[in-house]
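One structure is given here, and the rest of the page talks about it.
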Amino acid sequence: MRRLFIAGNWKMNMTAADAVKFISEIKDDLVAIENIDIAFCPTFLSVPAVSKALAGTSIGVGAQNMYFEPSGAYTGEVSPAMVAEFCQYVILGHSERRGYFGETDQGVNQKAKAALAAGLTPIICVGETLEQNEAGETTEFVSGQVANALDGLTGEQVGKLVMAYEPIWAIGTGRTASAEDANAIIGTAVRGTIENLFGSTVSEKVRIQYGGSVKPSNVKELMAKEHIDGALVGGASLKPSFVELLQNAL
Ligand code: PGA
């Protein structure tokens, strides 16, 4: 059985001071939650403070991005080793990075390789636009994103990473994919593609999150589905009721 993994993606919200205050308010409740892997992904500048605030707990910390080069003249970038100094996870290829900052499948693939080499667990995001969804192109498009992101990785590496299926039209919109649809797309376009490329031992191991307007009221139905092994949560992870979301997940 795959253990549930729920991560909060704070995006460009909360200063380090806000983040530490928030963690101190909910920490006791968080550590009491069993059978779910939990992580927070703050902005780079808040990562050390959040990591310190969570020290001694099993709650993980992730970055929201990184660069693939190990070091050098890349003004404004953060290397895999810099992330790995504080984090266990790194989100790669989030649709906001792809949409606003020009990230490509090829770049996500380079970053995935570099993250794994640095000992990080990548959370690789894929997902279709509303137009693609309405045109019936979801499965083909998402399968392509998965194949491109994982190109050249070994089955052993793929088995260790995390995928997140996030339909772009469901992110921050309050509009969630139905649990049935999310499960079907994750089962075919994400797990199915991994099975075709790396075999069923790997595809049964890899954890696949759903993301897009996950809230305390809909998490249980989503998490109950066969192929959904967790959630990547944006807006709802910024509120104390994130605890409720986690408690409702199992
Ligand atoms: P949301 O964001 O939960 O606010 O829809 C999810 C995400 O972008 O990871």
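Just want to confirm a number: the relative contact order over the chain, from Cα pairs under 8 angstrom separated by 6+ residues, in percent.
So the answer I get is 19 percent.
Could you tally the net charge around A39, taking each other residue with its Cβ under 13 Å from the Cβ of A39, Lys/Arg +1 and Asp/Glu -1?
My count for the surroundings of A39 gives +1.
Over 22 Å between Cα atoms: which of K215/K239; K52/K113; K27/K215; K27/K52; K111/K160 fall into that group?
From the list (K215/K239; K52/K113; K27/K215; K27/K52; K111/K160), the Cα-Cα distance tops 22 Å for K52/K113.
In what sequence, highest mean first, do 2-13, 134-145, 82-93 appear when ranked by Cβ atoms within 10 angstrom?
Result, highest mean first: 82-93, 2-13, 134-145.
Before rounding to the nearest 500, sum -39500 (n - 2.57) across all DSSP H runs of length at least 4 in the chain and divide by the residue total; then give [θ] at 222 nm in deg cm²/dmol.
Taking each H run of at least 4 residues, the total per residue is -11000 deg cm²/dmol.
Can you give me the distance in nm between label points at V78 and M1, each placed 7 Å from the Cα along the Cα-to-Cβ direction?
In this crude label model, V78 to M1 measures out at 3.4 nm.
Leaving out ligands and nucleic acids, and using a 1.4 Å probe, what accessible area per residue does segment 16-75 come to in Å²?
In whole numbers, segment 16-75 has 51 Å² accessible per residue.
What are the extents of the Cα atoms of segment 66-238 along their three principal axes, in Å, largest first?
Result, largest extent first: 45, 36, 29 Å.
Checking the cross-link filter: which aspartates and glutamates have an alpha carbon closer than 14 Å to that of K205, excluding same-chain neighbours under 8 positions apart?
Hits, sequence-local ones excluded: E156, E195, E226, D229.
Counting only residues 5 or more places away or on other chains, whose amide H sits under 5 Å from the amide H of E166 once H atoms are built in the peptide plane?
Residues meeting the criterion, in which the H sits 1.01 Å from N, are V126, G127, G211.
Using a 1.4 Å probe on the protein chains only, how many percent of the accessible area of the chain belongs to carbon and sulfur?
Reported share for carbon and sulfur atoms: 51 percent.
Calculate the tail of P(r) for segment 148-250: the fraction of all Cα-Cα distances greater than 18 Å, expressed in %.
47
Got a sec? What order do D229, D28 fall in by accessible area at 1.4 Å, biggest, i.e. largest, first?
If we order D229, D28 from most to least accessible, we get D28, D229.
Could you check the simple spin-label distance between T57 and E140, using points 7 Å along Cα→Cβ, in nm with one decimal?
For the pair T57/E140, the computed spacing is 4.5 nm.
How big is the C-alpha Rg of segment 116-159 next to the rule-of-thumb value 2.2 N^0.38 Å, as a ratio?
Expressed relative to 2.2 N^0.38 Å, the Cα Rg reads 1.41.
The values are calculated or read from the model by the stated rules, or taken from the named source; none is laboratory data. Just so you know, these numbers come straight off a predicted model, no measurement behind them. No Cβ is skipped: glycine too gets one built from the backbone with ideal geometry, and neighbour counts run over all protein chains shown. Remember, those area values only see protein heavy atoms, side chains included, never the ligands or the DNA or RNA. Shrake-Rupley method; radii C 1.70, N 1.55, O 1.52, S 1.80 Å.
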